[in-house]
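Everything on this sheet refers to the single structure shown next.
The values are calculated or read from the model by the stated rules, or taken from the named source; none is laboratory data. These numbers were taken from a predicted model, which means no experiment stands behind them. Cβ placement follows ideal geometry from the backbone for every residue including glycine, while neighbour counts extend to all protein chains displayed.
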Amino acid sequence: MQKNREGLLKNLVWSCGLVFAAGMLLVSCSDRGPSKKISLEKTEVLQKRAEQPREAALRFAVGGMITPKEGFIYYKELFDYLGKKMGRPVEFVDREKYDEINRMVRDEQLDVAFVCGGPYVDGHDEFGMELLAAPQAYGKTVYYSYIIVAKDSPLKSFADLRGKTFAFADPLSNSGKLVPEYMLAKMGQTPDTFFKKTIYTYAHDKSIKAVAQGVVDGAAVDSLIWEYAARVNPEFTSRTKIIVKSPPYGIPPVVVRKGLSAPLKKELRALLLNAHQDKEGRELLSKMMIDRFVLIDDSAYDTIREMKKWIAGQAPGARETH
């Protein structure tokens, strides 16, 4: 019992000594001068910087392509190229149907898109879709609709396709739907009255393949895609032949949403227009068989508007309502 008391006393004395020493240290420090205030301003600045949102990614999509699906990767590389040049993140939005891309541009879910001439006309006239630039391919800013059949087919003209099966690309496609529909309207026909059966492939290269493999008797395809495939991978184009080449139409352009800021549009346009003068950009364009990007006027797509207007005027009841 006595030993326990002695032990407790020793511990108490040792603890008191520590408290005394600590107190003396505090007094000693305070004797050196007035205490300094610790500034938290730098911490606050860093915290504010951390709270600032990252720069929003530019959202891109591809609708109207001038290459087959196998060249799709080059579009993504082009988006990455633009993002790197601008120092901004980019986001690729994958959509196949033209109406989906138009809707997303309208609803500001997309910033930039490659679109077909037909969807551009619809988007421009309905909600203000804006031209940014256009590719120049094979020295021109136009393309054509090719009506194709199998290489060994006896069919020689569009009229020969009466009662046959036919493939359209997309319901909004100019070369893959509007042009043959206009040709039929001029003949007093519609796809339902003229063809035995029609299908949508939702890709021009798929339409080429469908003809080559005998799935359908004929198809309407984008001339740029047929020509690209014929040069790079002619497996299916070599098994088809062109029986009709349409008049020229404005090439599928690059567009932006209506609300995109003017400085951002200016920067994007400048990068596209000068891509052919940059080593990396030039290599990308070469893979896509694009000479360069150029400015293009909305009037380049007036012939598409005229076809749409003419077809609408031939619709049942159109004359009575006009």
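If you take the residues of region 125-153 that are surrounded by fewer than 18 Cβ atoms within 10 Å (Cβ to Cβ) and of a type outside the set (D, E, K, R), which of them is nearest to VAL216 (Cα to Cα)?
ALA150
Using the structure shown, decide if GLU77 is of a type outside the set (Phe, Trp, Tyr), surrounded by fewer than 23 Cβ atoms within 10 Å (Cβ to Cβ) and at pLDDT below 95.
Answer is yes for this residue.
Could you check region 132-159 and list, in sequence order, the residues that are touching a residue at least 60 places away in the same chain (Cβ under 8 Å), farther than 24 Å from TYR75 by Cα and of a type outside the set (Gly, Ala, Ser)?
Matches in region 132-159: ILE147, ILE148, VAL149, LYS151, LEU155, LYS156, PHE158.
Please work out which residue is farthest from LYS206 (Cα to Cα), limiting yourself to region 224-261 and to residues that are of a type in the set (A, V, I, L, M, F, W, C) and out of contact with any strand residue (DSSP E or B) (no Cβ under 6 Å at 6 or more places or on another chain).
LEU260
Test ALA203 against the stated conditions and say whether it is free of Cβ contacts under 8 Å to residues at least 60 places away in the same chain and surrounded by fewer than 23 Cβ atoms within 10 Å (Cβ to Cβ). Before you say what the answer is, go through the steps one by one.
On the way: free of Cβ contacts under 8 Å to residues at least 60 places away in the same chain: no; surrounded by fewer than 23 Cβ atoms within 10 Å (Cβ to Cβ): yes.
Against the criterion (free of Cβ contacts under 8 Å to residues at least 60 places away in the same chain and surrounded by fewer than 23 Cβ atoms within 10 Å (Cβ to Cβ)), ALA203 does not qualify.
If VAL115 passes every condition in (1) farther than 24 Å from ARG292 by Cα; (2) in contact with a strand residue (DSSP E or B) (Cβ under 6 Å, 6 or more places away or on another chain) but one, which one does it miss?
For VAL115, the exception is condition (1).
Criterion first (under 29 Å from LEU260 (Cβ atoms), among the small types (Gly, Ala, Ser) and at pLDDT below 95) does ALA133 satisfy it? I'd like the intermediate steps shown before the answer.
Values: under 29 Å from LEU260 (Cβ atoms): yes; among the small types (Gly, Ala, Ser): yes; at pLDDT below 95: no.
It is false that ALA133 is under 29 Å from LEU260 (Cβ atoms), among the small types (Gly, Ala, Ser) and at pLDDT below 95.
Among the residues of region 268-292, count how many are within 17 Å of GLU70 (Cα to Cα) and assigned to a loop (DSSP other than H, G, I, E, B).
Total satisfying the criteria: 3.
Among the numbered criteria (1) of a type in the set (Gly, Ala, Ser); (2) under 20 Å from TYR81 (Cβ atoms); (3) surrounded by 17 or more Cβ atoms within 10 Å (Cβ to Cβ), which single criterion is violated by ALA270?
The failed condition is (3).
Pull up region 154-181, narrow it to residues that are among the hydroxyl-bearing types (Ser, Thr, Tyr) and surrounded by fewer than 21 Cβ atoms within 10 Å (Cβ to Cβ), then point me to the one that is nearest to LYS241 (Cα to Cα).
SER157
What tally of residues in region 222-254 results from selecting those that are outside any strand (DSSP E or B), within 25 Å of LEU184 (Cβ to Cβ) and of a type in the set (Gly, Ala, Ser)?
So the count comes out to 2.
Any residue in region 192-204 that is of a type in the set (Phe, Trp, Tyr) and at positive phi?
Yes, there is a match, as at least one residue in region 192-204 is of a type in the set (Phe, Trp, Tyr) and at positive phi.
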